[in-house]
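A.B. asks: Submitted below is the structure of interest, expressed as structure tokens.
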Amino acid sequence: MSFTNVRTKARGRFSEALTYLNYIASLEPNNTMDLTSIEVKIMRGLFQVHLYAALEKTVNELIENTLSYISSNNIKSLHYANTFRSISHINKLKALRDCKYENFLSKSAEVFSEMESESTLTISETIFSSNLQNVWTKTILEVINVFGIKNFTIDPITRTIIDELVERRNAVAHGRESASVVGERFRTDVLRGRHASIVQFSNQLIDVFELYYNKKLFLKPYAKKHYSLT
């Protein structure tokens with residue numbers, strides 16, 4: 001399965017944000033000692049909201065598409081890799097979590113029985129939507145771990161850039177700070193570098209999930225031969 005559609009939409013979002021940043025830069029005084037207008041400060045603050053929105057939508061769309069692709073293959077329950085079980089069996093796990101104590105043993109048995117069945121399971125593509133309403137790096141790494149993807153790390157500089165972006169977006173969106181206050185902290189040259197880091201991270205994340213899907217890492221090794229991925 002090609003992830004070209006995910007890449008194309010992400011590229012469009014980030015290009016639009018960069019176009020906006022280029023416009024802001026054209027209004028920004030060249031001399032750092034000159035007074036920056038309130039309008040430019042506001043726009044620099046709103047750019048960070050715009051950039052965050054592009055990141056959040058890209059991450060959510062990537063996860064949703066991956067789950068949709070997996071589900072479309074009508075995979076038998078017993079063929080899923082154990083590292084993917086917390087996703088493939090999430091409905092049973094939720095039922096186990098919510099059941100009364102006297103039903104715990106029977107619900108537990110249902111979970112393990114389903115794992116070895118030949119039934120196909122419907123996987124909702126939106127199961128992480130509530131988790132990813134704020135794409136902190138901690139949250140992103142937690143979701144990646146649930147998929148069973150190993151050895152994925154985010155370097156400290158990128159981690160700081162992403163988490164600061166989430167915080168500043170939330171500050172503006174929830175009224176803790178005005179866009180002008182957020183926008184007075186960094187000139188467009190700094191914001192351009194942060195945009196580049198976010199784009200690079202997003203491309204890396206798409207690469208990871210595309211490889212994960214195409215290598216069928218959500219399946220047990222012996223079961224991979226039974227599926228030609230759609």
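The values are calculated or read from the model by the stated rules, or taken from the named source; none is laboratory data. Small disclaimer: the values here were computed from a predicted structure and weren't measured. For neighbour counting, all protein chains shown are included, and Cβ atoms are generated from backbone atoms with ideal geometry for every residue, glycine included. Just the protein is used for accessible areas: all its heavy atoms, side chains included, with ligands, DNA and RNA removed. Shrake-Rupley method; radii C 1.70, N 1.55, O 1.52, S 1.80 Å.
A.B. asks: I'd like the carbon and sulfur percentage of the solvent accessible area for the chain, probe radius 1.4 Å, heavy atoms only, ligands and nucleic acids excluded.
C.D. replies: Carbon with sulfur: 53 percent of the solvent-accessible area.
A.B. asks: In square angstrom, rounded to the nearest 10, how much accessible surface does TYR222 have for a 1.4 Å probe?
C.D. replies: 110
A.B. asks: Something else now. Leaving out ligands, DNA and RNA but keeping every protein chain, what accessible area does ASP207 have, in Å² rounded to the nearest 10, with a 1.4 Å probe?
C.D. replies: 80
A.B. asks: Would you mind telling me which residue in ARG168, ARG185, ARG85 has the biggest mean-square fluctuation in a Gaussian network model of the chain, where springs connect alpha carbons within a distance under 10 angstrom?
C.D. replies: ARG185
A.B. asks: If you don't mind, there's one more thing I want to ask. Please give the charge dipole size of the chain, origin at the Cα centre, charges +1 on K and R Cβ atoms and -1 on D and E Cβ atoms. Round to the nearest 20 debye.
C.D. replies: Details: 29 positive and 24 negative charges, 105 e Å.
It comes to approximately 500 debye.
A.B. asks: Hey, another quick one. Would you kindly calculate the translational diffusion coefficient of the chain, applying Stokes-Einstein with the Kirkwood radius from alpha carbon pairs, for 37 °C and a viscosity of 0.692 mPa s, and quote it in µm² s⁻¹ without decimals? Mind dumping the intermediate values first?
C.D. replies: Working: Rh = 19.9 Å.
The estimated diffusion coefficient comes to 165 µm²/s.
A.B. asks: I would also like to ask the following. Calculate, for the range 121-176, the solvent-accessible area per residue in square angstrom, rolling a 1.4 angstrom probe over the heavy atoms of the protein chains.
C.D. replies: Using a 1.4 Å probe on heavy atoms only, each residue of the range 121-176 averages 54 Å².
A.B. asks: So what's the net charge close to TYR23: Lys and Arg +1, Asp and Glu -1, counting the other residues with Cβ under 12 Å from its Cβ? Don't skip to the end; give the middle numbers.
C.D. replies: Numbers: positive: ARG44; negative: GLU16, GLU28, GLU39.
Here the charged neighbours net out to -2.
A.B. asks: Over what distance in Å are the Cα centres of the range 193-212 and the range 23-83 separated?
C.D. replies: A separation of 11 Å, based on Cα centres.
A.B. asks: Longer than 31 Å from Cα to Cα, which of LYS9/LYS41; LYS57/LYS150; LYS100/LYS150; LYS100/LYS215; LYS100/LYS225 are they? Say none if no pair is.
C.D. replies: Table pairs above 31 Å Cα-Cα are LYS100/LYS150; LYS100/LYS215; LYS100/LYS225.
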